[in-house]
Amino acid sequence: AYIPGTTWTSGRNLLAEEALRREKKREKKYDYWLFMDDDVNVVCVGGQPMEDLLEPGNCWQKVFNFISSDHVPENASVVGIPYGGKGEYGFSGFSTTDAFFAAFKRDRLDHILPYPTLDEGFSEWVSQASLFCIMRTCHTSSVVLVPYVIGRNGAHREYTRGLNMGQIYKTIVDNYHDEETGFYPCKELTVDDVFQGRDFTGLHESGEELNKSIPPPKLDTCSPMKKRYDDWESQISFD
């Protein structure tokens with residue numbers, strides 16, 4: 001799908017609509033909805049342990065080998081790739097990671113998506129920062145990083161940047177707070193809520209071991225997120 005004239009946030013939500021249409025057409029849900037920036041490159045590191053775990057193929061193939069494998073913990077909600085650095089030489093989870101590559105598990109994304117609607121002129125970073133609040137509230141430590149892989153995106157196109165706490169808080173209130181159910185995520189918003197690398201599980205030797213360090217999602221507490229998703233889906237045209 002090519003959707004010109006969109007921002008990072010609105011473009012991903014339009015792609016989410018297209019994913020729903022294609023699911024309806026094929027009468028079967030996908031396992032993941034994957035969003036990634038179009039300039040992402042990946043590098044595999046780790047030698048033989050990487051080869052043993054991620055199996056044959058180029059580096060992108062190894063990423064998809066992992067996503068489709070039993071190595072992904074049951075309690076994971078998203079599979080991501082670390083931005084830069086040396087890579088994760090083991091299995092790890094966080095609540096907040098760079099969204100330049102984000103594969104949402106299909107059975108969890110209806111408590112996460114769609115991305116928040118931003119006021120005109122707001123920084124595009126606000127979208128990711130606001131979603132971090134939901135991940136920390138509802139899906140703690142459940143973003144699992146592909147081991148032995150690092151990613152970068154080098155195009156750095158022009159868009160509105162910056163972390164403005166006032167913009168972030170307003171976006172959280174407008175998109176997520178629900179007076180009827182008393183759902184007020186990040187009501188006392190702190191800088192710690194909007195940065196990457198929060199709620200680190202530590203490194204583990206296997207996905208099974210990592211799963212023990214990822215709390216189950218708080219789906220009952222976060223039921224307004226499911227209603228938000230259902231309301232969004234009900235407005236989509238499937239003609």
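A few notes on this one:
- Paired Rg and Dmax values of the chain, which use every Cα atom, in angstrom: 17.5, 54
- Difference of contour (0.36 nm per residue) and Cα-Cα distance, Phe195 to Lys86: 37.3 nm
- In the context of the full protein assembly, Leu163 retains an accessible surface of approximately 70 Å², using a probe radius of 1.4 Å and ignoring ligands and nucleic acids.
- Expected 222 nm ellipticity per residue - DSSP helices of 4 or more, -39500 (n - 2.57), all of the chain, to 500: -10000 deg cm²/dmol
- Full extension of the chain segment joining Asp174 with Glu124 gains 16.4 nm, where the gain is 0.36 nm per residue of separation less the Cα-Cα distance.
- Here Lys28 is the anchor, and the lysines within straight C-alpha reach of less than 18 Å, apart from those fewer than 8 places off in the same chain, are Lys105.
- Measuring nothing but protein heavy atoms, the accessible surface of the chain at 1.4 Å probe radius is 48 percent carbon and sulfur.
- DSSP H segments from the chain that extend 15 Å or more along their own axis, Cα-based, with Kyte-Doolittle mean of 0.5 or above: 125-138
The values are calculated or read from the model by the stated rules, or taken from the named source; none is laboratory data. Remember, it's a predicted structure, so these values are computed and weren't measured experimentally. For the accessible areas, the whole protein counts, side chains as well, though only heavy atoms, and no ligand, DNA or RNA atoms are used. Shrake-Rupley method; radii C 1.70, N 1.55, O 1.52, S 1.80 Å.
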